[in-house]
Amino acid sequence: MSSFQEASAQPSDRILWKNLRIVPPGWQSGPIPLCDLAVEGQRIAWLGDAGGAPAGFQNAQQHDLGGALVTPGLIDCHTHLVHGGQRADEFALRLAGASYEDIARQGGGIVSSVRATRAADEDSLFQQALTRLDALRAEGVTAIEIKSGYGLDLETERKMLRVARRLGEARPVTVRTTFLGAHALPPEYTDRADDYIDLVCNTLLPTLHDEGLIDAVDVFCESIGFSLTQAERVLQAATQRGLAVKMHAEQLSLMGGAALAAQYGALSADHLEWLDEAGVQAMRHAGMVAVLLPGAYYFLRDTHLPPIDLLRRHGVPMALATDCNPGTSPATSLLLMMNMACTLFHLTVGEALDGVTRHAADALGCAGVSGRLAVGHPADFAVWDVDSPAELAYWMGLPRCRMSVRRGSIAFQSAR
Ligand code: NIG
Ligand code: FE
């Protein structure tokens, strides 16, 4: 696990959280025992039977959670949170029969959000994204991945990534940035996709990486995005710089992007509605995470399910994310994504919960996050006003998060 920036813990940094019930990974059913959890500084120092904390914590600050259910802080591992404007009119066009691909080919889609994002100033982008971030945080999210990709030029990609970094400073949330320069072809490069990939690989990526704005690199490999060959050039440029990679793959068609990403040791391949067994096996051998995005599946009224049983059978961990974006998933509720993953993709509640905690952390390379509650791990957790873990995937909109703690400090508290 990578380093955490933290000051050395003082005795006053010790907090004992008492009387909680930690939902175990892969929860299926059954009662969950009471425990206590001791935090020192930003990390979990001790975890065990209620009342059994070491003497050093008996005089520490104490919070009694009264038997509440606790999960790791939720992690939204795939978002396009920073973007200008919205695309409700395109939604209406799709309701009237146009397809997502038709709209994209006619100059709408991602490119219309590029226009809005280029036109927006940094503060307005920040404010728009902050509203969305706060909605996620109110549901126990303590870490989030945020992509660029609505700029497609140096200035606007930089603006987006700077906004993403600022969000992580303005709120107690861990932000991981992903450079998605290869999201769509900007209008000024029409019919010159290879030239645009040159710009991505030789200018945008190196410059923004040198500026400290990039934690990972993503590519949209699709008929309306970039070809396998173009995607591979981006993966090469990123991995040559030691950057982690991932890919939007097999969303609308089977292109082989997931298997290509596997060759480059990608953290994850995301969407995956059209993934085949060879792709699943390649992901398994590369130790990748399958990031499922039920919001996009739902909002595009897709009917081609991702191969959940193959992923299970081959032991590929499944993460879930909002994919929060103005075109295919205007979603700011990770709990709703759990609900959709259960109803639409037939995940169990335990799988859905693992998908927004430990597997989501793995999809981010565990950088600064863990998605697990264990000694030595960051003290990132969410406290829920529910009787059963199944309620986390059951309610559609009812606020149930009492509070969240991130790196040992309270990060969100419900007004209830
Ligand atoms: O994850 N698939 C490509 N990118 C986004 C959609 C972006 C948009 O339509 O604005 C996605 O679904
Ligand atoms: Fe996406």
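Pick from GLY149, GLY257, GLY26: which residue has the top mean-square fluctuation in a GNM of the chain where Cα pairs under 10 Å get a spring? Between GLY149, GLY257, GLY26, it is GLY26 that shows the largest mean-square fluctuation.
The stretch between ASP194 and LEU305 holds 36.8 nm of extra length on full extension. This uses 0.36 nm per residue minus the Cα-Cα distance. Taking Lys and Arg as +1 and Asp and Glu as -1, the other residues whose beta-carbon sits under 9 Å from that of PRO399 total 0.
Normalised by the number of residues in segment 306-370, the mean separation of alpha-carbon contacts (under 8 Å, six or more apart) gives a relative contact order of 32 percent. Highest GNM mean-square fluctuation among PRO378, PRO33, PRO24, for the chain modelled with Cα contacts below 10 Å: PRO33.
Computed per residue of the chain from DSSP H runs no shorter than four, each worth -39500 (n - 2.57), the mean residue ellipticity at 222 nm is -9500 deg cm²/dmol. For the pair segment 50-123 and segment 178-209, the centres of their Cα atoms are 24 angstrom apart.
Taken as Cα centroids, segment 127-160 and segment 296-341 sit 19 Å apart, rounded to the nearest whole angstrom. A compact globular protein would have a Cα radius of gyration near 2.2 N^0.38 Å; the ratio found for the chain is 0.96.
Relative to the current alpha-carbon distance between ASP89 and GLN28, full extension at 0.36 nm per residue lengthens the span by 17.8 nm. Relative contact order of the chain: 20 percent, from C-alpha pairs under 8 Å at least 6 residues apart in sequence. With a ≥ b ≥ c taken as the square roots of the eigenvalues of the C-alpha gyration tensor of segment 106-242, please select rounded if a/c is under 1.5 and otherwise prolate if a/b is larger than b/c or oblate if it is not? Verdict is prolate for segment 106-242. Put a dot 7 Å past the Cα of THR207, heading toward its Cβ, do the same for ALA278, and the two dots end up 3.9 nm apart. Listed from fewest to most Cβ neighbours within 10 Å, the set GLU277, GLU157 follows the order GLU277, GLU157. When the P(r) is computed for segment 281-336, the part past 20 Å accounts for 31% of the Cα-Cα pairs.
Which of rounded, prolate or oblate describes segment 15-83 when judged by the alpha-carbon gyration tensor and an a/c cut-off of 1.5? Oblate, because a/c is 1.5 or more while a/b does not exceed b/c.
Where a number appears in this text, it was derived from the coordinates with a stated rule and is not lab data. All of these numbers come straight from a predicted model, not from anything done at the bench. When we count neighbours, we look across all protein chains shown, and the Cβ atoms used for this are built from the backbone with ideal geometry, even at glycine.
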